[in-house]
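One structure below.
The values are calculated or read from the model by the stated rules, or taken from the named source; none is laboratory data. Because the structure is predicted, anything quoted here is derived from the model rather than measured. With ideal geometry, Cβ positions are generated from the backbone for all residues, glycine too; neighbour counts draw on all protein chains shown.
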Amino acid sequence: MDPLQRIACDWCGGQSPAGATSCVACGAPLNVKNLVSDSGWREAPRLRDMSEVKFGSSICQVEGEIVPVAEITLGGRDSIFFEHHVLLWKDSNVRMDVMPLQGGIKRALAGMPFVVSIASGEGRVAFSRDAAGELVVLPLHPSMEMDVREHAFLLCSHTVNYSYTRIAGLRNILFGGQGMFMDRFVAQNEPGLLILHGYGNVFERRLAAGESIIVEPGAFLYKDSSVTMNIETQKLTTGFFGGVGMNLARMTGPGRLGIQSMYHHHHTD
Amino acid sequence: MRMSMPPPQPTPTTRSYRCPWCGHTADAGTTSCPKCGAPVDVRKATTDSGWAELPPIRDMAKIQFGQSFCQIEGKYVPVADFKLAAGDGVYFTHHLLLWKDEQVQISSMPLAKGWKRLFAGLPLIMTQAQGPGRIAFSKDAAGELIALPLEAEQSVDVREHVFMIATSQVVYDWFQTGIWFTTQNGKDRETHYPIGMFMDRFTAGPTPGLLLLHGNGNVFVRNLQPGQSIVIRPTSLLFKDPAVSMNLHLEYPGGMYGAFRPWGRWSNRYVWLHLRGPGRVAVQSHSEHMEDPGFSIHSTEPMATSRQW
């Protein structure tokens, strides 16, 4: 196709045919202006109800706006993995397996999902989380590495390598608001698709090398693996037993940083 | 030499717009009220019963106070993103902080009657941030942000845990609600506070200020006329004008269950908050469940009323 007849997506960089109203790679509306605050945070694209995203030979359709559902039509050679409790419904012919995970005891002790399930095509399967929020569709290009807050990922295509990374530093573990580990998703030789669920609204900013911003640790949703996180304590004195410390995360670029506006800890089990 | 004066130019006619929510008059060319963020081009939606639905502040709308701005971002759990000018400040409950620039200094704000606040479950720490710089806040529930511009010396009463942020021109105080009842179970007595033991009161000083609240779900406001009254679910109350008086109101249903009430330990009843004008009252559509163990009522606040159907 003539490259001049394609539309580039501002969110993921994917290219869609001329006339498309949403990006085929991430579902972002192409005919809606980016919403960027004066402070530089960009709102995650609000996926239009029933918009479709393609990956491999499969299609993901996003349904609903308050607690959106990701409905996947799996092609014959495709599969996806997910935490088992986000499954909403499936066709009876969709095969279910359990993904072998390394460090199972560590994961169990750290409160990370111990069982990650795999659904394989052909057939339809749908997922949703248990709170109002937004789906964040992140197409991963080969060699891209993404760190995600635990229990934030909804589903991921089988071409993406799933592991976890231990959060460095005792302060970060104790006061970082997300335990000992973060999920790490790495696209190796093929592109893949990662879908997250952010509670409330989701905002992203791209930090330049050395640029840093201070965020509430519970608001952290995802980051490029090149972005570092360090916990700093702000002392607040009250006169009662010397006051309390307020723990905030300093995120330093380069790379993307995503946050969610409803950052109360949500138990999903 | 005589200078010729230029001919007088006609004064351009400017269309002004009066915000139905805060009463501020602004240029009609704006898309949202600069004082409270309410959209200009949305018709005020009022129910047949008289409740006006607060129009959600449009994504990326800006509110000005002093030399500073607040930008509202998001739809489901909106973020209040402040650009504080040098000399301007805000205070807030510390768990609402979402992110901040490095140069924004935060510190704790001294609060009087700390022990009482501690025992009443009110936030013990109020945090203040000083400009210049950017700082943003959000609450942990889906709902709406309510921007209440306060004119000089104007006050508003806010139910506990609803408050988000106030500008430094606004004075923070609190008072006992006086809304309570006591239940008795055998020899055990327990006091219940349907809207909490205390209520926040915010008063603008000699200069106007801005107050931001968060309502869970959707927010509805009505203006009660003098003497006009309404009963509401106590936990749905968001804010009211100080002129609006309130008292506990108990209702006992009729029929078979009501008939057993005098002989049973368990009593079926509705606990209401009775509000009487004049002034504004705001409620939220998603309110927490109010605990009522159902034991017999031993005593109530002196102004409480009741009705048997």
Residues in the stretch B:45-83 that are touching an Asp or Glu at 6+ places or on another chain (Cβ under 8 Å), part of a loop (DSSP other than H, G, I, E, B) and more than 9 Å from every other protein chain (Cβ to nearest Cβ): how many? 6
The condition from (1) modelled with pLDDT under 95; (2) more than 21 Å from B:MET60 (Cβ to Cβ) that B:LEU145 misses is numbered (2)
If you check B:HIS286 against the conditions, is it closer than 30 Å to B:ALA141 by Cα and either part of a strand (DSSP E or B) or at pLDDT below 90 (or both)? yes
Note on the stretch B:212-245: residues of a type in the set (Ser, Thr, Tyr) and touching a Lys or Arg at 6+ places or on another chain (Cβ under 7 Å) are B:SER229, B:SER245
Scan B:ILE179, B:ILE165 and give me the residue that is in contact with a helix residue (DSSP H, G or I) (Cβ under 8 Å, 6 or more places away or on another chain), assigned to a loop (DSSP other than H, G, I, E, B) and in contact (Cβ under 8 Å) with a residue 40 or more places away in the chain. B:ILE179
List, please: which pairs have Cβ atoms under 9 Å, are six or more places apart or on different chains, and start with a residue in the stretch A:123-144 that is away from chain B (no Cβ under 14 Å) and part of a loop (DSSP other than H, G, I, E, B) and end with one that is surrounded by 18 or more Cβ atoms within 10 Å (Cβ to Cβ) and among the small types (Gly, Ala, Ser)? A:SER128/A:ALA70; A:HIS141/A:ALA187; A:HIS141/A:GLY192; A:PRO142/A:ALA187; A:PRO142/A:GLY192; A:SER143/A:ALA187; A:MET144/A:ALA187; A:MET144/A:GLY192
Set B:THR183, B:THR167: member being crowded, with 18+ Cβ neighbours inside 10 Å, over 20 Å from B:LEU248 (Cβ atoms) and over 13 Å from the mean Cα position of the chain (by Cα): B:THR167
Only one of (1) out of contact with any helix residue (DSSP H, G or I) (no Cβ under 7 Å at 6 or more places or on another chain); (2) closer than 30 Å to B:TYR76 by Cβ; (3) modelled with pLDDT under 90; (4) aliphatic (A, V, I, L, M) is not met by B:MET256, so which one is it? (2)
Of all residues in the stretch A:69-85, which are buried (at least 16 other Cβ atoms within 10 Å of the Cβ) and at pLDDT below 90? A:GLU83
If we keep only residues of the stretch A:27-68 that are within 14 Å of chain B (Cβ to nearest Cβ) and assigned to a strand (DSSP E or B), then the residue surrounded by the most Cβ atoms within 10 Å (Cβ to Cβ) is A:GLU43
